[in-house]
Amino acid sequence: MSSDDFTLGEIHLELTLTKGQLEVVVSSARGLPSAASGQDPDTYVKTYLKEGERRIHKRKTRVTKHSRRPKFNQTLRYGAQDALGRSLLVMVWERQRGFEHNQGIGVAEISLAKLEQGQRPLVGWYRLLPVSSVMRVDSDSGDSTR
């Protein structure tokens, strides 16, 4: 693989279906692009459950400052009944200063169909694709436009 394969970076996740809940451990990211200013970006992660084209049940990590290899080490939780039959949308965002809208860096979509309660967690690096590959997002408000 060439380095061009990961221009938007990757995110490391651990997904576990425990009794009554889906746990999403957002560990870290790597290979994120620099901010437009040339500085290392301030980033955070938003996750959603996705049903068809609808995004529901948003969760969000804290901001990690000045890093292209941020360590989030946060667990986001969803009710297991909410996760069944859906996919997980994981979006990495760059926090902007002042009045500018935060910018989507990349997105990964993971099917939750393979997760079963009591089974081993799904653990791995997920490649970030352009946010526009899933939907057009005008800002981090989560509003999508068609």
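The values are calculated or read from the model by the stated rules, or taken from the named source; none is laboratory data. This one's a predicted model, so the numbers in the text were calculated from it and none came from an experiment. Don't worry about glycine lacking a Cβ; one is built from the backbone with ideal geometry, like all the others, and counts go over all protein chains shown. Surface areas here come from the heavy atoms of the whole protein model, side chains and all, with no ligands, DNA or RNA. Shrake-Rupley method; radii C 1.70, N 1.55, O 1.52, S 1.80 Å.
Brief remarks follow.
- Hits in region 102-140 - residues which are over 19 Å from residue 72 (Cβ atoms), at pLDDT below 90 and open to solvent by less than 40 Å² (accessible area, probe 1.4 Å): 115, 134, 135, 137, 139
- With respect to being within 19 Å of residue 129 (Cβ to Cβ), surrounded by fewer than 16 Cβ atoms within 10 Å (Cβ to Cβ) and in contact (Cβ under 8 Å) with a residue 24 or more places away in the chain, residue 7 fits the description.
- Some residue of region 105-114 being over 15 Å from the mean Cα position of the chain (by Cα) and either part of a strand (DSSP E or B) or touching a residue at least 12 places away in the same chain (Cβ under 8 Å) (or both): yes
- Selected residue (only one of 59, 97, 86 is within 12 Å of the chain's Cα centre (by Cα), more than 18 Å from residue 127 (Cβ to Cβ) and free of Cβ contacts under 8 Å to residues at least 40 places away in the same chain): 59
- Per this entry, residue 145 is not counted among residues that are open to solvent by less than 50 Å² (accessible area, probe 1.4 Å), modelled with pLDDT of 95 or more and out of contact with any Gly (no Cβ under 8 Å at 6 or more places or on another chain).
- Here residue 25 qualifies as out of contact with any Gly (no Cβ under 9 Å at 6 or more places or on another chain) and within 16 Å of residue 121 (Cβ to Cβ).
- Scanning region 41-63 for residues that are of a type in the set (Asp, Glu) and at pLDDT below 95 turns up 51, 53.
- Counted residues, region 47-101 - those being open to solvent by less than 70 Å² (accessible area, probe 1.4 Å) and part of a helix (DSSP H, G or I): 3
- Condition met for residue 24 (open to solvent by 60 Å² or more (accessible area, probe 1.4 Å), in a strand (DSSP E or B) and out of contact with any helix residue (DSSP H, G or I) (no Cβ under 6 Å at 6 or more places or on another chain)): no
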